[in-house]
Amino acid sequence: MQTSWSASSTRLIAFVASVMVLATVVSLEYEAGNEVLIGQFFLLPVVIAAWYGGRVPAWSMALAAWVSWIWVNGHNVPHYVHESARYLNWALMLARLLVAGTIVAMLREALDSSRRSLAEKEAALRELSESTAKLRSYEGQYQTICAWTNQIKDGDEWISFPDFLSRHLRANITHGISPEAAAKLKAEHQKTLSRPEGGNEARTPKPT
């Protein structure tokens, strides 16, 4: 919950910052006219939105920056020798803003993915270290096992050996049958089948 709120607040701050940067760039571009070329600074608000917000905020800010640049460009350059050059510049500027925003957002996504992967590896290493330490803590120690039920004493509680492994070593337990047990069950089964009905052998009557 706290992480989600922190991420949302970061995006909001980044959005406000990108809007302020865009307003500053528009003002400077408007005042500078054609004497100073600062059109490339329209990329700044897009980069901020992309890095802290992702692709969608980057594209939204790219459109806002593009519209603002068109307005300033129309004021500073009211006439082109070839009017088609105006529309070509519009298209090039839009492509530049969208591509820059997408690339920066992808770089941030790759960085976040690497951080998550590193955190998962560190968590796995910590878990492995804890399990290894747990195993070593049992080395050389006596464990009390019930001679009748084969339960093992865990503190003040008696539990089965599979439960002991699952609890302390996080082992996944499954069940099978050993060859000795299988042979024993087979022999008992055959003995049961060979036993006559009624449970006693048939008696031969004595001659009178």
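Which shape class, rounded, prolate or oblate, goes with the range 1-111 when its Cα gyration tensor gives a ≥ b ≥ c as root eigenvalues, a/c under 1.5 marks rounded, and past that a/b bigger than b/c marks prolate?
It comes out prolate by the Cα gyration axes.
Sort largest first and round to whole Å: the equivalent ellipsoid semi-axes of the range 136-189, each the square root of five times a Cα gyration tensor eigenvalue.
After scaling each eigenvalue by five and taking roots: 27, 14, 11 Å.
Just the number, please: Stokes-Einstein D of the chain in µm²/s, Kirkwood Rh from C-alpha pairs, 20 °C, 1.002 mPa s.
85 µm²/s
Can you check how the C-alpha radius of gyration of the range 53-134 compares to 2.2 N^0.38 Å, as a plain ratio?
The reported ratio for this selection is 1.96.
Evaluate Rg over Rh across the range 102-172, taking Cα atoms for both radii and Kirkwood's formula for Rh.
Rg/Rh: 1.34.
Using a simple spin-label model with points 7 Å from Cα along the Cα→Cβ vector, what separation in nm is obtained for A147 and A124?
4.6 nm
Could you work out [θ]222 nm for the chain from helices alone, using -39500 (n - 2.57) per DSSP H run of at least four and dividing by all its residues? Round to the nearest 500 deg cm²/dmol.
So the helix-based figure for the chain works out to -24500 deg cm²/dmol.
Could you work out the relative contact order of the range 2-81? I mean the mean sequence separation of Cα pairs under 8 Å and 6+ apart, divided by the number of residues, in percent.
Relative contact order, the range 2-81: 32 percent.
Please determine, in degrees from 0 to 90 and to the nearest 10, the orientation of helix 179-194 with respect to the longest principal axis defined by the Cα atoms of the chain, where the helix direction is its Cα long axis.
Compared with the principal axis, the helix lies near 50 degrees.
Multiplying the sequence separation of H82 and S8 by 0.36 nm and subtracting their Cα-Cα distance, what value in nm do you get?
Residue separation times 0.36 nm, minus the Cα-Cα distance, leaves 22.0 nm.
List I13, I48, I177, I70 from most exposed to least, where exposure is judged by having the fewest other Cβ atoms within 10 Å.
By the 10 Å Cβ count, ascending: I177, I13, I70, I48.
Quick note: the coordinates plus some simple rules give every number you see, no bench work behind them. Fair warning: this is a prediction, and the values are worked out from it, not measured in the lab. All Cβ positions, even for glycine, are placed from backbone atoms using ideal geometry, and neighbour counts span all protein chains on display.
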